[in-house]
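So the structure is just underneath, and the comments pick up after that.
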Amino acid sequence: MAFPIRRPRRLRSGVAIRNMVRENQVNVADLIYPLFVCEGQGIKTEVVSMPGVYNLSLDMFLLELEQVVAWQIPAVLLFGIPATKDCVGSGAYAADGIVQKAVRAAKDAYPELYVITDVCLCEYTDHGHCGIVQEGDVLNDPSLALLVKTAVSHAQAGADMVAPSDMMDGRVAAIREGLDEAGLTNVPIMAYSAKYASAFYGPFRDAADSTPKFGDRRSYQMDPANGNEALLETALDIGEGADIVMVKPGLAFMDLVRKIKDEFRLPTAVYNVSGEYAMVKAAAANGWIDEKRIVMEIMTGFKRAGADLILTYHALDVAKWLKDEK
Ligand code: PBG
């Protein structure tokens with residue numbers, strides 16, 4: 001029997017050659033680090049289901065940013081936890097809302113840090129839904145006006161980019177128009193385009209205290225069974241002016257990262273969400289997996305799938321591990 005002429009193992013024989021032919025690499029410049037800011041002073045409360053992730057008052061938030069900047073993570077994504085909530089989520093678009101204050105503080109202290117804000121109402125509404133509710137229904141068009149107000153107030157506070165995560169129809173167009181009318185034509189929109197109604201957001205809702213008080217998000221977030229619909233949602237967002245599109249969650253939706261990257265060729269982000277983080281942390285805490293290798297494999301998988309940007313709670317660790325390797 002003739003020996004095979006092609007022997008892929010030749011290029012795996014040592015560290016140098018493996019490094020030379022490696023197809024995909026995670027860079028610190030790909031990372032976006034999500035952070036939760038809250039009112040108060042001296043607060044750094046760990047989220048029980050997300051070890052290493054905290055609710056941070058502004059003073060502690062600035063200390064965390066010192067780390068972010070020191071490890072050369074280029075961008076953060078801010079979520080706000082307001083002191084009080086109401087049925088129209090007024091904390092989301094208040095000039096002195098928690099995110100608006102955090103953006104100002106961050107840009108003051110670290111002008112070079114790229115500050116992105118999550119635009120949604122669910123952390124600010126007492127019912128926990130991402131829009132206005134009437135008789136148990138989440139109303140689409142009336143919610144748009146409030147999302148626009150939120151995005152504009154974030155950008156006016158100094159946010160470099162806004163990221164609508166609500167999944168109302170037409171929100172990207174509405175926000176684009178609102179930003180432009182306010183003279184904020186250079187503020188890009190990163191749209192949560194293919195955002196699924198996922199069980200993987202469980203720990204986030206502990207962190208942000210945003211679990212819906214009734215029903216669920218299936219009337220606005222996508223059915224995990226649908227792939228074609230993700231392409232439609234993404235095409236709509238791009239048509240409405242999205243500059244960057246996103247797939248969320250990541251691990252169970254890698255096929256869509258690849259499809260969306262191939263189809264649209266736009267900067268594509270993937271959100272490595274709270275439940276994905278919690279699973280890795282829990283297994284690692286039990287000594288069942290090698291946390292560093294698992295996390296780097298996940299990050300590399302996102303890159304291989306076509307992601308340009310990775311939103312991840314592991315960002316600080318990944319930045320450190322990348323430095324270690326150099
Ligand atoms: C707000 C929002 C959520 C997440 C990001 N933005 C929660 C949700 O839609 O229920 C989830 C992030 C995560 O799980 O890490 N709508």
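Quick notes on this structure:
- Answer from PRO203, PRO212 - the residue that is open to solvent by less than 70 Å² (accessible area, probe 1.4 Å), within 12 Å of the ligand (Cβ to nearest atom) and modelled with pLDDT under 95: PRO212
- Those strands (runs of 3 or more DSSP E) of segment 47-135 in which 1 or more residues are within 22 Å of TYR277 (Cα to Cα) and either among the aliphatic types (A, V, I, L, M) or open to solvent by 40 Å² or more (accessible area, probe 1.4 Å) (or both) occupy 50-57, 75-81, 114-119.
- Any hit, segment 141-164, residues being in contact with a strand residue (DSSP E or B) (Cβ under 6 Å, 6 or more places away or on another chain), at pLDDT 95 or above, hydrophobic (A, V, I, L, M, F, W, C) and in a loop (DSSP other than H, G, I, E, B): yes
Condition check ((1) in contact with a Leu (Cβ under 9 Å, 6 or more places away or on another chain); (2) modelled with pLDDT under 95; (3) within 21 Å of ALA319 (Cα to Cα)) across all residues:
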{"site": "ILE5", "(1), (2), (3)": "no, yes, no"}
{"site": "ILE17", "(1), (2), (3)": "yes, no, no"}
{"site": "MET20", "(1), (2), (3)": "yes, no, no"}
{"site": "ASN27", "(1), (2), (3)": "yes, no, yes"}
{"site": "GLU39", "(1), (2), (3)": "yes, no, no"}
{"site": "SER49", "(1), (2), (3)": "no, no, no"}
{"site": "SER57", "(1), (2), (3)": "no, no, no"}
{"site": "MET60", "(1), (2), (3)": "no, no, yes"}
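- Scanning segment 172-209 for residues being closer than 18 Å to SER274 by Cα, out of contact with any strand residue (DSSP E or B) (no Cβ under 7 Å at 6 or more places or on another chain) and assigned to a loop (DSSP other than H, G, I, E, B) gives a total of 1.
- Listed conditions (1) open to solvent by less than 70 Å² (accessible area, probe 1.4 Å); (2) within 20 Å of PHE302 (Cβ to Cβ); (3) more than 16 Å from the ligand (Cβ to nearest atom) are all met by ILE32, apart from (3).
- Residues in segment 131-151 that are under 15 Å from ALA191 (Cα atoms) and of a type outside the set (Ser, Thr, Tyr): LEU144, LEU147, VAL148, ALA151.
- Boolean, TYR196 is within 14 Å of the ligand (Cβ to nearest atom), surrounded by fewer than 23 Cβ atoms within 10 Å (Cβ to Cβ) and of a type in the set (Phe, Trp, Tyr): no
The values are calculated or read from the model by the stated rules, or taken from the named source; none is laboratory data. Predicted, not measured: the structure shown is a model, and the values here were computed from it. Virtual Cβ from ideal backbone geometry, glycine too; neighbours counted across all protein chains shown. The area values use the complete protein model at the heavy-atom level, side chains included, leaving out ligands, DNA and RNA. Shrake-Rupley method; radii C 1.70, N 1.55, O 1.52, S 1.80 Å.
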